[in-house]
Amino acid sequence: MQDSELIARIYDCAASPEQWADTLQDIAGQAGAYGGMIFDSCHTVKGERIGLYTCSSVYDPNVALHYSSKHNDFEVTDQAKFARLSTADDAVNLIRCDALAPSREALETQTNVQAMMAMGIHYRAGALLSKETSSMDRFALQFTKAGGPISDKKLLWVESILPHVAKSLSIGRVLHSQKQEIEAKSAVLDRLPFGVAIVSQGRELLSANPEFLRIAEQCNLLSRDAKGLSPNRLPSEMRQMLAGLDAHGKRGARPRKEAVFLPTADTDFGVFLEISPTTQQAESDKAGANNYVVTALDSRQAHDMDADAISKYFPLSPSEKSVLEMVVRGHTNAEIAQDRGRTVETVNSQLKALLRKSGSRNRTELVRVAVSLSSSALYPNLAL
């Protein structure tokens with residue numbers, strides 16, 4: 001399979017998550033691995049838990065969940081080591097499992113490693129796909145004794161593919177924030193709390209919900225006949241994102257950096273635009289192939305969130321939860337201060353803490369993170 005074909009399939013998974021099983025298996029196969037998984041490390045009342053997001057088609061998810069539940073403490077420790085070994089820059093770094101212990105012999109004394117070996121898995125390699133919120137979107141490949149460990153050449157190839165996986169997962173969380181497996185139909189799109197559109201290669205609007213049209217008109221992005229996006233009115237970053245696959249996956253484990261931020265007159269608020277290429281999606285009979293899914297979130301609008309769900313990914317104090325809830329509802333810092341009986345300086349400080357914890361650059365990106373994590377944190381595969 002050509003890399004371009006595989007990358008196109010990876011982005012299709014953003015709107016069609018059921019395709020991850022086969023796509024991950026293709027990545028694993030080309031890497032010489034037995035299989036692959038994507039999972040999160042979440043904070044629950046029982047402590048930190050490893051939760052399975054999806055796995056390649058060679059695996060039975062129930063078996064994977066049983067393993068992670070039985071050996072959770074060892075896996076939490078191992079995954080923390082994988083995370084620490086990743087560099088601080090934007091790149092996706094795939095770490096071999098032998099780096100987790102002083103020697104191979106020492107590694108094989110671990111109960112979880114012995115359990116994996118009994119199931120035929122002798123080697124692993126792991127990577128952070130989100131260095132913005134490092135507890136989510138973790139990736140791992142598993143290798144048999146005969147097939148591994150991964151070679152240097154294949155490791156570099158996987159690292160070149162994983163930025164696209166990172167971006168597809170990041171956008172997929174936004175698309176699934178109200179429904180895990182969203183169908184791109186008007187009745188569903190109209191209910192989403194953010195704008196969603198399918199745009200052709202010629203920038204024609206093939207499908208768009210009312211919120212996207214409102215945001216596009218507000219930001220002066222539409223052509224004169226309002227049937228497409230005007231190339232003369234689009235930011236240069238957005239034009240690049242709509243020009244083909246080559247413009248995507250350039251930010252490694254920080255895919256939110258590829259988003260387009262359009263500030264309002266008050267630059268603390270604005271619109272957060274994300275673009276994903278797609279070869280197929282639920283409206284393919286209408287839209288055809290090789291188009292783009294564009295999502296748009298306006299931080300001035302009121303949105304819903306679940307602070308407890310978000311706390312599974314980064315810790316929030318009671319005060320920070322209250323401030324975040326009001327930020328997501330579109331309140332200014334002055335309004336939050338007045339409502340909570342605090343000074344604006346105190347709210348400013350709490351907002352800075354929220355931005356730091358969530359890896360967000362501004363309040364609009366913070367709202368995007370809150371909206372997407374609120375529901376995606378509640379997927380049923382958490383190993384409790």
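Summary of the geometry: the stretch 301-367 and the stretch 146-177, compared by the centres of their Cα atoms, lie 31 Å apart. Across the stretch 341-357, rounded Karplus estimates of 3J(HN,Hα) from the backbone phi angles (6.51 cos²θ - 1.76 cosθ + 1.60, θ = phi - 60°) give x, 10, 7, 4, 4, 5, 5, 4, 5, 5, 5, 4, 5, 5, 5, 5, 5 Hz, Gly and Pro being marked x. The alpha-carbon of LYS352 sits under 16 angstrom from the alpha-carbons of these lysines, leaving out residues fewer than 8 places away in its chain: LYS321.
Sequentially through the stretch 67-77, phi angles give Karplus couplings (6.51, -1.76, 1.60; θ = phi - 60°) of 4, 5, 6, 5, 10, 4, 4, 5, 5, 4, 5 Hz, Gly and Pro residues having no value and appearing as x. Rounded, prolate or oblate for the stretch 206-271? Axes are the square roots of the Cα gyration tensor eigenvalues, ordered a ≥ b ≥ c, and the cut-off for rounded is a/c under 1.5. Here the stretch 206-271 falls in the oblate category. For the chain, a Gaussian network of Cα nodes joined below 10 Å ranks PRO235, PRO102, PRO315 by mean-square fluctuation, and the top entry is PRO102. Listed options for semi-axes √(5λ) of the Cα gyration tensor in Å are (i) 33, 22, 20; (ii) 43, 22, 19; (iii) 35, 26, 17. The value calculated from this structure is the one marked (iii). What a 1.4 Å probe finds exposed on the chain is 49% carbon and sulfur by accessible area, rounded to a whole percent.
Near ALA226, within a Cβ-to-Cβ distance under 14 Å, what is the net charge of the other residues, with Lys and Arg +1 and Asp and Glu -1? Charge balance in the 14 Å sphere: +2. Between the Cα long axis of helix 3-15 and the first principal axis of the chain there is an angle of about 60°, rounded to the nearest 10.
Summary of packing: across the peptides 340-351, 323-334, the per-residue average of other C-beta atoms within 10 Å ranks them, highest first, as 323-334, 340-351.
Taking other residues whose beta carbon is less than 13 angstrom from the beta carbon of VAL45, and scoring Lys, Arg as +1 and Asp, Glu as -1, yields +1.
Computed with a 1.4 Å probe over protein heavy atoms only, the accessible surface of the stretch 234-366 comes to 43 Å² per residue. When the surface is traced with a 1.4 Å probe over the full set of protein chains, HIS43 keeps roughly 80 Å² accessible. Among ARG361, ARG203, ARG239, the order of accessible area from largest down is ARG361, ARG239, ARG203, computed with a 1.4 Å probe on protein heavy atoms. Solvent-accessible area per residue in the stretch 1-119 equals 44 Å², computed with a 1.4 angstrom probe and all protein chains kept. Take SER322: with every protein chain present and a 1.4 Å probe, its accessible area is about 40 Å². Taking a cut-off of 24 Å between Cα atoms, list the lysines near LYS81, but don't count ones fewer than 8 places away on the same chain. Here the lysines satisfying the reach criterion relative to LYS81 are LYS46, LYS70, LYS131, LYS145, LYS153, LYS154, LYS167, LYS312, LYS357.
Across the stretch 88-93, rounded Karplus estimates of 3J(HN,Hα) from the backbone phi angles (6.51 cos²θ - 1.76 cosθ + 1.60, θ = phi - 60°) give 7, 7, 7, 5, 8, 10 Hz, Gly and Pro being marked x. Seen against the Cα atoms of the chain and their longest principal axis, helix 152-175 is set at about 40 degrees. Within the full protein context, the accessible area of SER360 is estimated at about 10 Å² for a probe radius of 1.4 Å.
What is the local net charge at THR23, summed over the other residues whose Cβ is closer than 14 Å to its Cβ (Lys, Arg +1; Asp, Glu -1)? Walk me through the numbers before you get to the answer.
Values: positive: ARG9, LYS167; negative: ASP3, GLU5, ASP12, GLU18, ASP22, ASP26.
Result for the local shell: -4.
The values are calculated or read from the model by the stated rules, or taken from the named source; none is laboratory data. Because the structure is a prediction, the values reported are computed rather than measured. Don't worry about glycine lacking a Cβ; one is built from the backbone with ideal geometry, like all the others, and counts go over all protein chains shown. Only protein heavy atoms, including side chains, enter the accessible area calculation; ligands, DNA and RNA are left aside. Shrake-Rupley method; radii C 1.70, N 1.55, O 1.52, S 1.80 Å.
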